[in-house]
């Protein structure tokens, strides 16, 4: 069984856990970008790379290196650059090659390039984009011919596997946002929460992935055609025989049965994946709804400062969360109770007596109209923030208009502000009769400043 560190240096990841890891990572990206060209192909002149690192250290105030050898110095930018190159060579990130004529090149290893690519995507928060992934598989299989058969099948297999991996990563990405939401415990975190929700989550989840997956590249549009194409190939014995013979020639598989099984496995994987894909998308839908609900609940929690039962409990919970050393005995009086014997909880059975209804005389003047309205308002308060209520609120706000900008909606109370946030949150939910589109302008509406967006009826 092959082990990871049979293929890479034992101390490869020590650079990323070093006290100077930020400096090392910056330098790794500089080296990567310096030789990421067709001409260099990740092999660059040593002096050219050193000059790039010297420019970095000239411009940056970096911490002192804590892993210097006794005979090393890092007083100048060039000494720091050479130290970084030596550390990366020592830990298996790059190698050095003598080219002759007093020239030396630095080469990134193949596994180093893969790791740096991943680090770059994480650093730049690059998310998977779904622009015709499912349609590509559909097109490949629809144009299937025996001449390009095994190549088309391989591409369809790889693209299907890529779709599954991206969707799994998308589900995990939603969980990361959900995890960040649940960690916020302070009202001071509300601006960051709104920024993450209204901008980052929308761009990285809705715009780059989820929207295309649910509209132009939807599974229901192409699933049947993909499964029919695979079924037609599987049911054609002569075609399967030809594909197996091509696999023997191209993949250099000597046994016919093994080659035939190779073709079958590829097609079975595509069929099983697209048959199960709708359940994965359903799980993503549920996770998205869970995230939106958690975010909405958190916002409502932060903005509820009323004196009703919900507001009082909110403030009480904040006290308990912010004061870990609080003596709870001052708030609660709990005593221990024990059962004295087996009969201590026994209730004597009594003969059932049929009740006789009596007329109740109720004085309507006992409760004033103002008190009755307050009670009705309190009972309905929890129902004004649901999806149905927000959808009706948008409909009434739009009236006869086709669209309206958020900056033009009147915000007089905190309740109006919360409704505006929920309009944005619920815009992508199933069954809503409106959509929102972010603009590049920031606006101030009464007491709050936010990025403006357009609310459009659909």
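The values are calculated or read from the model by the stated rules, or taken from the named source; none is laboratory data. In this text the structure is predicted, and so the values were computed from the model without any measurement. Positions of Cβ are backbone-derived with ideal geometry, glycine not excepted, and every protein chain shown enters the neighbour counts.
Things to note:
- Selection from the stretch 58-89 of residues that are out of contact with any helix residue (DSSP H, G or I) (no Cβ under 9 Å at 6 or more places or on another chain), at pLDDT 75 or above and closer than 20 Å to residue 17 by Cβ: 64, 83, 86, 89
- Any hit, the stretch 7-29, residues being exposed (fewer than 14 other Cβ atoms within 10 Å of the Cβ) and at pLDDT below 85: yes
- Within the stretch 248-272, the set of residues being crowded, with 18+ Cβ neighbours inside 10 Å and either touching a residue at least 60 places away in the same chain (Cβ under 8 Å) or touching a strand residue (DSSP E or B) at 6+ places or on another chain (Cβ under 8 Å) (or both) comprises 263, 266, 267, 270.
- For the stretch 32-46, the set of residues classified as surrounded by 12 or more Cβ atoms within 10 Å (Cβ to Cβ) and either within 21 Å of residue 102 (Cβ to Cβ) or modelled with pLDDT under 85 (or both) consists of 34, 35, 36, 40, 42, 43, 44, 45, 46, listed by residue number.
- Some residue of the stretch 389-405 being in contact with a helix residue (DSSP H, G or I) (Cβ under 9 Å, 6 or more places away or on another chain), modelled with pLDDT under 85 and outside the structural domain of residue 295 (by TED's automatic domain parsing): yes
- Evaluation of residue 443 against (1) under 29 Å from residue 287 (Cβ atoms); (2) at pLDDT below 85; (3) touching a strand residue (DSSP E or B) at 6+ places or on another chain (Cβ under 6 Å) (one fails), failing number: (1)
- Among the numbered conditions (1) at pLDDT below 80; (2) farther than 30 Å from residue 414 by Cα; (3) assigned to a loop (DSSP other than H, G, I, E, B), the only one that residue 284 does not meet is (3).
- Summed over the stretch 416-446, the residues that are surrounded by fewer than 19 Cβ atoms within 10 Å (Cβ to Cβ) and part of a strand (DSSP E or B) give a count of 10.
Residue-wise test of (1) buried (at least 18 other Cβ atoms within 10 Å of the Cβ); (2) touching a strand residue (DSSP E or B) at 6+ places or on another chain (Cβ under 8 Å); (3) not assigned by TED's automatic domain parsing to the domain that holds residue 239.
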{"residue": "85", "(1), (2), (3)": "yes, yes, yes"}
{"residue": "89", "(1), (2), (3)": "no, yes, yes"}
{"residue": "95", "(1), (2), (3)": "no, yes, yes"}
{"residue": "98", "(1), (2), (3)": "no, yes, yes"}
{"residue": "106", "(1), (2), (3)": "yes, yes, yes"}
{"residue": "114", "(1), (2), (3)": "no, no, yes"}
{"residue": "119", "(1), (2), (3)": "no, no, yes"}
{"residue": "140", "(1), (2), (3)": "yes, no, no"}
{"residue": "146", "(1), (2), (3)": "no, no, no"}
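- Residue match in the stretch 142-152 (condition: in a helix (DSSP H, G or I) and out of contact with any helix residue (DSSP H, G or I) (no Cβ under 7 Å at 6 or more places or on another chain)): yes
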